[in-house]
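The values are calculated or read from the model by the stated rules, or taken from the named source; none is laboratory data. Source: prediction; values computed, not measured. Quick reminder, even Gly has a Cβ in these numbers, built from the backbone with ideal geometry, and neighbours come from all protein chains shown.
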Amino acid sequence: MKKFIGLFILVTLLFAGCSPFSWRSSGLPTKPLAQCAAPPIPLEAGYTRQAEGCLPMRVEGGQTWREDSLAVVKAAGYQGELNCQNSFVTLSWGLTEGEGDMAVWTVTREEDTLPLGGGASGQIRTGCGVYELHNKDVLEPLRVDLRVVVDLPAQ
């Protein structure tokens with residue numbers, strides 16, 4: 001009976017469009033790259049692409065989305081240990097709802113918060129830290145697609 005219940009749950013999830021075989025354990029939502037509103041990120045010479053993913057986000061008015069870089073790269077599909085001194089983590093974003101001048105990116109590293117950019121779309125190359133997207137509009141939400149890539153030096 002337990003096997004039947006487990007099989008029933010698996011079939012139900014599959015029919016609902018959920019595949020337990022593609023879930024990423026970070027807990028962050030993802031969407032297919034072909035549907036990502038964030039601009040593509042070119043590969044730098046001398047590096048190889050290790051992972052690429054798209055994270056859809058919603059940031060309520062006056063709120064901040066905050067996530068550690070390790071969780072973000074894991075959601076993008078990177079399975080290895082991230083060497084913060086030797087790898088590129090590049091983010092690009094594209095707003096799908098909201099005003100671009102209300103979106104401001106920062107990263108916090110070792111208690112220092114650094115501005116990274118803002119606007120309706122853009123790209124930032126950064127390393128480890130806590131990424132933050134601040135919605136300066138106190139009334140309206142922002143919806144953003146965040147493209148994340150991890151590039152390592154070619155061997």
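How many residues does region 118-142 hold that are more than 10 Å from TRP93 (Cα to Cα) and assigned to a strand (DSSP E or B)?
Adding up the residues that qualify gives 9.
Can you tell me which condition GLY62 does not meet? The list is (1) on the phi < 0 side of the Ramachandran plot; (2) modelled with pLDDT of 95 or more, and all the others hold.
Single failed check for GLY62: (1).
Somewhere in region 104-126, is a residue touching a residue at least 24 places away in the same chain (Cβ under 8 Å), of a type in the set (Gly, Ala, Ser) and under 20 Å from LEU28 (Cα atoms)?
no
May I ask you to list the residues in region 72-96 that are modelled with pLDDT of 90 or more and assigned to a strand (DSSP E or B)?
Hits for region 72-96 are VAL89, THR90, LEU91, SER92, TRP93, GLY94, LEU95, THR96.
Hey, among the residues in region 97-111 that are of a type outside the set (Phe, Trp, Tyr) and in a strand (DSSP E or B), which one's farthest from GLY127 (Cα to Cα)?
GLU97
Only one of GLY53, GLY80 is farther than 14 Å from GLY129 by Cα and surrounded by 21 or more Cβ atoms within 10 Å (Cβ to Cβ). Can you tell me which?
GLY53
Please name all residue pairs, on different chains or six or more residues apart, with Cβ atoms under 9 Å, provided the first residue is in region 83-94 and is closer than 19 Å to SER121 by Cβ and the second residue is assigned to a loop (DSSP other than H, G, I, E, B) and of a type in the set (S, T, N, Q).
Close Cβ pairs satisfying both conditions: none exist.
Just the residues that are part of a strand (DSSP E or B) and either over 16 Å from ILE124 (Cα atoms) or of a type in the set (A, V, I, L, M) (or both), please, taken from region 50-65.
GLN50, ALA51, LEU55, PRO56, MET57, ARG58, VAL59, THR64, TRP65
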